[in-house]
Amino acid sequence: MNNSGRNTSPRPGWHFDNSYTRLPEYLYARLNPVPVAAPKMVIFNRALAQDLGLDAGLLAGEEGAAVFSGNRLPAGAEPIAQAYAGHQFGHFTVLGDGRALLLGEQITPHGERFDIQLKGSGRTPYSRNGDGRAALGPMLREYLISEAMQGLGIPTTRSLAVVLTGEPVYRETTLPGAILTRVAASHIRVGTFEYLAAHKKPDGLRILAEYTLRRHFPDQIEAENPFLALLQAVQERQVSLVARWLLVGFIHGVMNTDNMALSGESIDYGPCAFMDRYDPATVFSSIDHGGRYAYGRQPFIAQWNLSRFAETLLPLLNENEETAVELANNCLNAFPELFRKTWLSGMRAKLGLFNEEEEDAALVHDFLACLQQAQADYTNTLRDLALETPPDGPPFRHPAFIEWQQRWQLRQSRQQEPIQASRELMDAHNPAVIPRNHRVEAALEAAGRGDYAVLETLLEVVARPYDHRPEYAAYREPPPASSQPYRTFCGT
Ligand code: AMP
Ligand code: MG
C-alpha cells in the first residue's frame, strides 16, 4: 500500500495488522478515504479508545478529527472497501462497502483484534449510484444505539467517534455530512460468503471460511468437519444474539443477510428501535411495508439468513452434494428448539426464576399475552415486577394480570432462593432504561442545532441501564401519545 505523500500519524497508539488485505484480492478494493473540507469532532468515545490501546487525550483533539474524517491516515493503515453481496428483503443483490472503508485491524494491548472502519468516507468501486457519504443524524443514531446495546450487555459493534465533514449531503433535504468510526470484531457477513458463492470462487470460499474460523472460532479449527462446526458456531451465536434482542425489546429493522455479522455482533443500526408496548408485530422501519423484520419475526429471519449462509458452505461441507445438504439441514433444523430454549431461559431470569419447571413456557406465554391485551409497556412492566409495591397503572390493575401475578408468585415461592435474590436477578436482566424513541429523536434534533448536551446525557443514561438511578427516572417514561406511531428511516 502506498501511503506516501499522505500525512500519516504514528503517535496515538495505532497498532495495525491488516490480515484481510492478505485474502484474495477480489474480496476488496484498495483505496483511500476521500478527504473532507472541514473535519470537526463532535463525539468521541474515550473509554473505548483506551480499551483499544489508543491515546484518548491526543485523539480527542485535532489529530482525532483528522484521522476519523479520513483526512489523515493512521500509521500502518491499509484502507480497503470490502466486497459483499446480500439478500435485501429477500432479494439477492451484489453490494460491497459503498460508503465505508476498513482502515485496518487494531491489535489491542490484550492482543485482541478489531476492525476500525470509517462509515461515510466517500465513494468506492461499490458505491453504485450513492454519494459515499453519510448524514450526521443517522451516524449519531448508530453511535447512540450501539453504545446502548453495549450497556445492555449485548454483543455489538462499537462507535469510536463521529466527525462532521464540513460538507453538505443531499438527501430529501440538505443535511450536514458526518463520518462514524465503527469498531467491530470483524465485518465478515453472511453476504461476504454469498458474494463468493455467486461469483463462483470455490477457492476463495475455503480461504474465507478458514479465515473466519481462525478469527472467530479458533476452537473449531480442529473439529472433524470444521466447516460444519463453523455453521453450527455461527448459528449458536445468532441464536444467542437474537434471543437477547427479543429479551430487551430490540427490533433491528433491516436484517438483510449483508447486515448479519458472522462474529455474532449486532451490526448496522439503521432503522432499528426499541419496542414500547408489547406487540410481536411491531415494525418501525418506514420501508418495511410487509413487516418482514417485525419484532416477533426476527428468529425466523435469522434462521432464513443462516440457510443462505449454509447454502454457500455446501461445497465445503461434503464432496457429495446430497450429504452436504443433509448435514446443513440437520444443523438448521435445530434452530427453533435451540432458540426457544435460549429465549425461555432468558425470560426465566427476567421473571426472577432460578430453576426450571415444566409450566414455565406457559407462564411466560400468558405473561406476554397479558401485556399485549393491556397494551402495557414491555420494559417498564418487567422492571416494575420486581418492586415490592408495583405501580398502580396498567397492566397491574388488569384482572387477567392480577391472576397471572398470583400464579407467578406461587411459582417463585416454590424455589429455594429468597425473594430478595429473585428481585436482584430480575433487576440484572430487566433494564430500567432503554433508548426510548422520543428521547433518541430529541437528542438528535438538539445535535442538529449544535447542542450535544442532550445526547451526552442520554449516552450516560443508557450506558448503565440496569442500575437503579432515580435521578434518571424521567428516561423511563414511554413516549407521549403525540409521538406515535414512531417511524424510522434507513437513513444514509
Ligand atoms: P445499509 O442499508 O447501510 O446496510 O447499506 C446497504 C448498501 O448500500 C451497502 O452496500 C452500502 O455501502 C450502500 N450504501 C448505503 N448508503 C450509501 C451511500 N450514500 N453511498 C454509497 N453506497 C451506499
Ligand atoms: Mg449494511
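The values are calculated or read from the model by the stated rules, or taken from the named source; none is laboratory data. Note that the structure is a prediction, hence the values are computed from the model and not measured. Neighbour counts run over all protein chains shown; Cβ positions are idealised from the backbone, glycine included. For the accessible areas, the whole protein counts, side chains as well, though only heavy atoms, and no ligand, DNA or RNA atoms are used. Shrake-Rupley method; radii C 1.70, N 1.55, O 1.52, S 1.80 Å.
Of 300, 309, 335, all but one fail to be over 26 Å from residue 224 (Cα atoms), in the same structural domain as residue 198 (by TED's automatic domain parsing), at pLDDT 95 or above and out of contact with any Cys (no Cβ under 6 Å at 6 or more places or on another chain); the exception is 300. Here residue 97 passes the criteria (1) near ligand 1 (Cβ under 7 Å from one of its atoms); (2) open to solvent by less than 10 Å² (accessible area, probe 1.4 Å); (3) over 20 Å from the mean Cα position of the chain (by Cα) except the one numbered (3).
Taking (1) more than 22 Å from residue 329 (Cβ to Cβ); (2) assigned to a loop (DSSP other than H, G, I, E, B) in turn, residue 215 satisfies each apart from (2).
Picking from residues in the stretch 447-481 that are over 25 Å from residue 136 (Cβ atoms) and of a type in the set (Ser, Thr, Tyr), the one that is surrounded by the fewest Cβ atoms within 10 Å (Cβ to Cβ) is 466. Among the residues of the stretch 245-264, which ones are hydrophobic (A, V, I, L, M, F, W, C) and either touching a helix residue (DSSP H, G or I) at 6+ places or on another chain (Cβ under 8 Å) or on the phi > 0 side of the Ramachandran plot (or both)? If the condition is that a residue be hydrophobic (A, V, I, L, M, F, W, C) and either touching a helix residue (DSSP H, G or I) at 6+ places or on another chain (Cβ under 8 Å) or on the phi > 0 side of the Ramachandran plot (or both), then 245, 246, 247, 248, 250, 251, 255, 260, 262 are the ones that fit.
The residue that is nearest to ligand 1 (Cβ to nearest atom), counting only those in the stretch 103-134 that are of a type in the set (A, V, I, L, M, F, W, C) and under 15 Å from residue 69 (Cβ atoms), is 134. Filtering the stretch 460-492 to residues that are of a type in the set (Lys, Arg) and closer than 17 Å to residue 443 by Cα leaves 476, 487. Screening the stretch 160-219 for residues that are more than 20 Å from residue 79 (Cβ to Cβ) and of a type in the set (Phe, Trp, Tyr) and picking the one that is surrounded by the most Cβ atoms within 10 Å (Cβ to Cβ) gives 193.
Look at (1) open to solvent by 10 Å² or more (accessible area, probe 1.4 Å); (2) touching a Pro at 6+ places or on another chain (Cβ under 6 Å); (3) closer than 21 Å to residue 187 by Cα and you find that residue 276 fails only one, number (3). Any residue in the stretch 331-346 that is more than 23 Å from the chain's Cα centre (by Cα), closer than 24 Å to residue 432 by Cβ, buried (at least 18 other Cβ atoms within 10 Å of the Cβ) and in contact (Cβ under 8 Å) with a residue 12 or more places away in the chain? Among the residues of the stretch 331-346, not one is more than 23 Å from the chain's Cα centre (by Cα), closer than 24 Å to residue 432 by Cβ, buried (at least 18 other Cβ atoms within 10 Å of the Cβ) and in contact (Cβ under 8 Å) with a residue 12 or more places away in the chain, which makes the answer no. As a summary of the residue check, residue 79 satisfies the conditions (1) more than 13 Å from ligand 2 (Cβ to nearest atom); (2) open to solvent by 10 Å² or more (accessible area, probe 1.4 Å) except for the one numbered (2).
Let's see how each residue does on (1) closer than 23 Å to residue 146 by Cβ; (2) in a helix (DSSP H, G or I):
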residue: 280; (1), (2): no, no
residue: 293; (1), (2): yes, no
residue: 298; (1), (2): yes, yes
residue: 301; (1), (2): yes, yes
residue: 307; (1), (2): no, yes
residue: 316; (1), (2): no, yes
residue: 323; (1), (2): no, yes
residue: 340; (1), (2): no, yes
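Among residues of the stretch 126-144 that are not assigned by TED's automatic domain parsing to the domain that holds residue 252, those with a Cβ under 6 angstrom from a residue that is of a type in the set (A, V, I, L, M) and within 16 Å of ligand 2 (Cβ to nearest atom), sequence gap 6+ or separate chain, pair up as 126/81; 139/180; 142/180. When 68, 114, 92 are checked against the criterion of being more than 16 Å from ligand 2 (Cβ to nearest atom) and open to solvent by 10 Å² or more (accessible area, probe 1.4 Å), a single residue qualifies: 114. Scanning the stretch 76-126 for residues that are in contact with a His (Cβ under 9 Å, 6 or more places away or on another chain), outside any strand (DSSP E or B) and more than 20 Å from residue 190 (Cα to Cα) gives 76, 108, 109. Residue 232 fulfils the conditions (1) within 16 Å of ligand 2 (Cβ to nearest atom); (2) part of a helix (DSSP H, G or I) except for a single criterion, (1). Of the residues making up the stretch 11-53, just one is closer than 25 Å to residue 167 by Cα, in a loop (DSSP other than H, G, I, E, B) and under 23 Å from the mean Cα position of the chain (by Cα), namely 45. Got at least one residue in the stretch 157-164 being more than 10 Å from ligand 1 (Cβ to nearest atom), at pLDDT 95 or above and more than 18 Å from residue 49 (Cα to Cα)? So far as the stretch 157-164 goes, yes, one or more of its residues are more than 10 Å from ligand 1 (Cβ to nearest atom), at pLDDT 95 or above and more than 18 Å from residue 49 (Cα to Cα). Checking each residue in the stretch 389-422 for being among the charged types (D, E, K, R) and free of Cβ contacts under 8 Å to residues at least 24 places away in the same chain picks out 392, 397, 403.
At least 3 residues being within 20 Å of residue 354 (Cα to Cα) is the threshold, and among the helices (runs of 4 or more DSSP H) wholly inside the stretch 380-454 those reaching it are 399-413, 419-429.
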